[in-house]
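The block underneath contains the structure these notes are about, expressed in structure tokens.
The values are calculated or read from the model by the stated rules, or taken from the named source; none is laboratory data. Predicted, not measured: the structure shown is a model, and the values here were computed from it. All Cβ positions, even for glycine, are placed from backbone atoms using ideal geometry, and neighbour counts span all protein chains on display. Ligands, DNA and RNA are excluded from the accessible area calculation, which covers all protein heavy atoms including side chains. Shrake-Rupley method; radii C 1.70, N 1.55, O 1.52, S 1.80 Å.
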Amino acid sequence: MNGNNLEIERKYLIRMPEEARLAAMPGVQIWDIVQTYLTDGADGCTRRVRSVRMNGETRYTHTVKHRVTVLSCEEMEEEVSREAYGHLLREADPSLSAIEKRRYRIPHAGQTLEIDLYSFWRDRATLEVELSSEDQEVELPDWIQVVREVTGERAYKNRYLAEEIPMEDIQ
């Protein structure tokens, strides 16, 4: 989870999958995440900290992102100590709520599906797939019910979910 790199991903709004099915998938990793957005940097970069609990262990990260295109952003992420995480939390943007989600990381067709189940939705979730290039194809399994791709939709970026939760009808 360390490094400075280019993050390229596609994001989809999906119907809520069965958690038991997700948890039983071969190679699945389950992360319980609390994501807090910090006040923006002077250069307009988005800053956040995360607490990630997996297999009884908690890790903390600090991330700075700078949007390059609709699909891509430069990302610098570093693991930090619990103490540094607590210190960074003092810089939390007071206008934004912390995002709590359970992430299921599932290997599929040479990629990793990241399915996020949020505490505020019962009928929908999001799915992200990180890519090696912007023109790389995404192969989704047939058991995922895609409502639509939301890659370029501001309302479904986690930073904006911390501000306002879309509750559109997805029927």
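Per-structure values
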| quantity | calculated |
| --- | --- |
| Residue list for segment 65-108, filter: of a type outside the set (A, V, I, L, M), open to solvent by less than 60 Å² (accessible area, probe 1.4 Å) and under 20 Å from residue 128 (Cβ atoms) | 65, 69, 72, 73, 75, 77, 101, 103, 104, 105, 108 |
| Boolean, residue 62 is open to solvent by 60 Å² or more (accessible area, probe 1.4 Å) and out of contact with any His (no Cβ under 9 Å at 6 or more places or on another chain) | no |
| Of all residues in segment 116-139 being within 23 Å of residue 72 (Cβ to Cβ) and open to solvent by 50 Å² or more (accessible area, probe 1.4 Å), the one that is nearest to the chain's Cα centre (by Cα) | 130 |
| Some residue of segment 147-154 being within 24 Å of residue 6 (Cα to Cα), basic (Lys, Arg) and over 12 Å from the mean Cα position of the chain (by Cα) | yes |
| Residues that are open to solvent by less than 20 Å² (accessible area, probe 1.4 Å) and outside any helix (DSSP H, G or I), drawn from segment 146-164 | 150, 151, 162 |
| Which numbered condition residue 39 misses (of (1) modelled with pLDDT of 95 or more; (2) open to solvent by 50 Å² or more (accessible area, probe 1.4 Å); (3) under 26 Å from residue 167 (Cα atoms)) | (1) |
